[in-house]
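Quick notes on the structure that follows.
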Amino acid sequence: MYELCVNIGGTRHCFPLPSLIDTAHIRIPKPTNYPPFELAIAVLQLVDAVPDSELSRELSKVANGFIEQVKRELPSGTELMMEEKAAMEAA
């Protein structure tokens, strides 16, 4: 967590900055198969939940780039797609 600290009248005052994530509620479902890929998915879910910003666009670009790399390395005949798209194609 970050704090914003300022000196006021010779005394240092620090104020905690709120976090978007309450780490007490983070749980990693089992099995953990490929942590970097799972992190990329979590980043995309997080940036979808916050207002658009330069940071969210950069994070999305990095996470999507990593996922595209994973897709390229999949064995022939194996496909990776978002859940909604997969459900529509199966119907």
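Just wondering, is there one or more residues in region 21-30 that are of a type outside the set (S, T, N, Q), in a helix (DSSP H, G or I) and at pLDDT 90 or above? Steps first, please.
Initially, region 21-30 is screened for residues of a type outside the set (S, T, N, Q), giving 21-22, 24-30.
Adding the requirement that they be in a helix (DSSP H, G or I) leaves 24-25.
Next, from what is left, pick out any that are at pLDDT 90 or above: none.
Looking through region 21-30, none of the residues is of a type outside the set (S, T, N, Q), in a helix (DSSP H, G or I) and at pLDDT 90 or above.
Residue 20 - would you say it is out of contact with any Cys (no Cβ under 8 Å at 6 or more places or on another chain), aliphatic (A, V, I, L, M), loosely packed, with under 10 Cβ neighbours inside 10 Å and touching a residue at least 24 places away in the same chain (Cβ under 8 Å)? Let's see the steps before the verdict.
Working: out of contact with any Cys (no Cβ under 8 Å at 6 or more places or on another chain): yes; aliphatic (A, V, I, L, M): yes; loosely packed, with under 10 Cβ neighbours inside 10 Å: yes; touching a residue at least 24 places away in the same chain (Cβ under 8 Å): yes.
So residue 20 passes the test.
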- Any idea which residue in region 43-84 is surrounded by the most Cβ atoms within 10 Å (Cβ to Cβ), counting only those that are in contact with a helix residue (DSSP H, G or I) (Cβ under 7 Å, 6 or more places away or on another chain) and among the small types (Gly, Ala, Ser)? 63
- Across region 1-20, the tally of residues that are within 24 Å of residue 46 (Cα to Cα) and assigned to a strand (DSSP E or B) stands at 3
- Query: Is there any pair linking a residue in region 34-58 that is closer than 12 Å to residue 20 by Cβ to one that is surrounded by fewer than 11 Cβ atoms within 10 Å (Cβ to Cβ) and of a type in the set (Asp, Glu), with Cβ under 9 Å and at least six apart or on different chains, and which?
  - Reply: 56/48
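The values are calculated or read from the model by the stated rules, or taken from the named source; none is laboratory data. Just so it is clear, the structure is predicted and the values come from calculations on it, not from any experiment. Cβ coordinates were reconstructed from backbone atoms using ideal geometry, including for glycine residues, and neighbour counts include every protein chain displayed.
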